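Some notes on the structure that comes next.
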Amino acid sequence: MSFGWLKNTYNQIYLGFFISIALVFFYTRPLNSDYHKFIAGDGLGYYSYLPAKFIYHDSNYEFKWFNKVHDANYVYCAFAVPDENFLVHYENRKINKYYQGLSFLWMPFFMLSHVCAKVFHYPTDGFSLPYQLGIGFASMCYLFLGLFYLRKLLRALFQNELAAILTPIAIFYGTFLYYYAININSQSHIYSFTFITIFIYYAYCFFNQNSKRASNLLLTAFCLVMVVCIRPLNGLILLSIPAFIPKEFFKEIKQGWDLKKTHLLALLCLALPLIWQLHILYTQTGSFIPYTYSNEKFYFNNPRLTDVLLSYHAGLFVYVPLSSLALVGVACLNSIKQKILLSALFFLVIYIYSSWWYWPITSRTIIDFYPLLAILLAALITKSVSSKFLKTVVIILLFLLVGYHQLKSRQLHTGVLDENYTYKELFWRNFFRLHKTNMYVIPPSSIIKQEMYFEDFENTIYSGSTTEEKYHSAKHASLLDPENAFSKTFRYPFPKLFLEPGIKKIRFSFWSYFVGDISSTHIYMKFFDKQNRMQFETAFYINEDFMMKNSWDYKEFGYELNGEQFKNWEDIDHVSTFIWNNENKGQLYIDDVRTEFILGDNSYEIVK
């Protein structure tokens, strides 16, 4: 075997890029975690066709075996009944709403995992450790395949090695491709990204190269079949084809090319996955073209384009600013046809998914079409090479935008920010935060009325322990230590606004400064009637994972009153809250304590 290709510097860089992905995967991704399985979420639906067919002989795909097997392998489920992850009501039966494309791609890995389960004496139930690792390994293999072809595609399009190297690296580390490749291994997006990339590559080769035209057509058709079987909407990528057809193609095609009977036969064979998918759909629903997503719909008359592109909770340009830089590349494409078609297709996809009932999904479904962004970004990089200054600026921007996305991605997936509920104040307050935080998020747009009480410990009325040693604002804070473990009770009248219709929430917040060996703090909120009898109480806890020692940190807790706590709202007289250094260890300084009584609505909620 020759390793001469390693003498090329660009090849060395790309190999190092692949090694970095593998290292990140094995360093950050738990391989055998009860709470972070490789087959999870939507992946349960995509994957379950395989054990149904090859283990449980469930020819009608009723999945009656699933709940028992799931409970034997999983300690957590987001649904009351596990099969609700993917089964929906369709007319008078239950069906798997997900398509079968991924099960085709996973089949070799599933078979190998099944053999390993038998050899190493694991349960051969389709979901034990060998099967989980098999899907994790599959996701990495298909990711590497996609990135390998992305470089080939960009080299073919732009004949520029720097663009063909920098673009895939930036697209991987600077977008949600990173998170979904490393952590969400059984959803469809990485696989769609890979096969759309390969589809565009072989389509380009078919239209622009005289050699191997028949094989290029077959590979293009195969990738298109797989793309549609994974997610039918991915078939929109066909609209990009005219962008890669040169004028001379139609003259050349008249002269004929080497399409043989064997090629036609192979082309027909490529339809087998599609035929099999139609067979499964008909078996489950009695229709070849059913709408399997049941009550989930598109609302094309009400697209959430502003939210999808610019919002603080899900904005593409806010969390993946590399995409906005890539769009500058539209101006750098040589062909007017490419400028119009590629940019129009990208925004068409955004429009369609922004019309989906759960429109935040756009941030991950757009991963499927990242090859379009990669083409635009590579066009910009290629153009910048002509100027040393411009090239330096673009490369610096790439590094900054990749680093920014890594920061925001980590915040989204560690709870610092939320893709549904983050708002402006929350976004900027936690802009650089990496440490876990306590939050009770209430978007300002949902607030109808509110009453607020504030304690900064600067007045002489406060009866608790105060100090001038440390403070967040002004000159005083309250100190909770072994001698004074309890804060003063913050007592406020039950607000009249809670007698009005609406969603009633209480938010309690303060700034904290933990010192020493303190590892636990409790907060209690109690509700009293007019006879000063406690009617209800709730507690909140801060453990060591959420403590920033020797630094001021903002803490926020809250509770929603739903009417089940009290017989009559009018019976409640006041609410009392206090903070307790319950271990009597170290020191806890608190300052700027705020209690908010909020009457709101559910206008911000995706699922009402």
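Conditions tested, residue by residue: (1) outside any helix (DSSP H, G or I); (2) among the aromatic types (Phe, Trp, Tyr); (3) under 30 Å from the mean Cα position of the chain (by Cα).
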residue: VAL402; (1), (2), (3): no, no, yes
residue: GLN406; (1), (2), (3): no, no, yes
residue: PHE457; (1), (2), (3): yes, yes, no
residue: GLY464; (1), (2), (3): yes, no, no
residue: SER473; (1), (2), (3): yes, no, no
residue: SER478; (1), (2), (3): yes, no, no
| field | Members of region 306-364 found to be buried (at least 21 other Cβ atoms within 10 Å of the Cβ), of a type in the set (Val, Ile, Thr) and within 19 Å of LEU407 (Cα to Cα), listed by number | value | VAL320
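Determine, yes or no, whether PHE427 is surrounded by 15 or more Cβ atoms within 10 Å (Cβ to Cβ), in contact with a His (Cβ under 9 Å, 6 or more places away or on another chain), under 30 Å from LEU177 (Cα atoms) and modelled with pLDDT of 90 or more. Step through it out loud before you land on a result.
Working: surrounded by 15 or more Cβ atoms within 10 Å (Cβ to Cβ): yes; in contact with a His (Cβ under 9 Å, 6 or more places away or on another chain): yes; under 30 Å from LEU177 (Cα atoms): yes; modelled with pLDDT of 90 or more: yes.
Yes; evaluated as a whole, the condition is true for this residue.
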| field | Flag if ASN420 is farther than 28 Å from ASP553 by Cβ, in a loop (DSSP other than H, G, I, E, B) and not hydroxyl-bearing (Ser, Thr, Tyr) | value | no
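Do you know which residues across region 152-186 are among the polar types (S, T, N, Q) and surrounded by fewer than 21 Cβ atoms within 10 Å (Cβ to Cβ)? Working first, answer last.
Residues of region 152-186 that are among the polar types (S, T, N, Q), as a first pass: 159-160, 167, 175, 183, 185-186.
Of everything in region 152-186, those that are among the polar types (S, T, N, Q) and surrounded by fewer than 21 Cβ atoms within 10 Å (Cβ to Cβ) turn out to be GLN159, ASN160, ASN183.
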| query | So which of GLU469, GLU451, GLU458 is farther than 19 Å from PHE578 by Cα, in the same structural domain as GLY558 (by TED's automatic domain parsing) and either surrounded by fewer than 19 Cβ atoms within 10 Å (Cβ to Cβ) or of a type in the set (Ser, Thr, Tyr) (or both)? | reply | GLU469
| query | Restricting attention to region 553-608, which residues are closer than 17 Å to PHE540 by Cβ and either of a type in the set (S, T, N, Q) or in a helix (DSSP H, G or I) (or both)? | reply | GLN565, SER576, THR577, ASN581, ASN582, THR595
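Go over the candidates ASN568, ASN602, ASN584 one by one and state the one that is free of Cβ contacts under 8 Å to residues at least 12 places away in the same chain and either charged (D, E, K, R) or exposed (fewer than 15 other Cβ atoms within 10 Å of the Cβ) (or both).
ASN568
Only one residue in LEU398, LEU412 is touching a residue at least 60 places away in the same chain (Cβ under 8 Å), surrounded by 13 or more Cβ atoms within 10 Å (Cβ to Cβ) and under 30 Å from ASN602 (Cβ atoms), so which one is that? Write out each step before concluding.
Details: LEU398 fails: under 30 Å from ASN602 (Cβ atoms).
After ruling out the rest, the residue left standing is LEU412.
Against the condition surrounded by 14 or more Cβ atoms within 10 Å (Cβ to Cβ), in a helix (DSSP H, G or I), in the same structural domain as ALA163 (by TED's automatic domain parsing) and of a type outside the set (Val, Ile, Thr), how does LEU50 come out, does it pass? Full working, then the answer.
On the way: surrounded by 14 or more Cβ atoms within 10 Å (Cβ to Cβ): yes; in a helix (DSSP H, G or I): yes; in the same structural domain as ALA163 (by TED's automatic domain parsing): yes; of a type outside the set (Val, Ile, Thr): yes.
So LEU50 fits the description; yes.
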| note | Result of the Cβ filter at 6 Å on region 443-456, keeping first residues that are free of Cβ contacts under 8 Å to residues at least 12 places away in the same chain and partners that are in a helix (DSSP H, G or I) and surrounded by 16 or more Cβ atoms within 10 Å (Cβ to Cβ), at least 6 apart or interchain, is none
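The values are calculated or read from the model by the stated rules, or taken from the named source; none is laboratory data. Computed from a predicted structure; not experimentally measured. With ideal geometry, Cβ positions are generated from the backbone for all residues, glycine too; neighbour counts draw on all protein chains shown.
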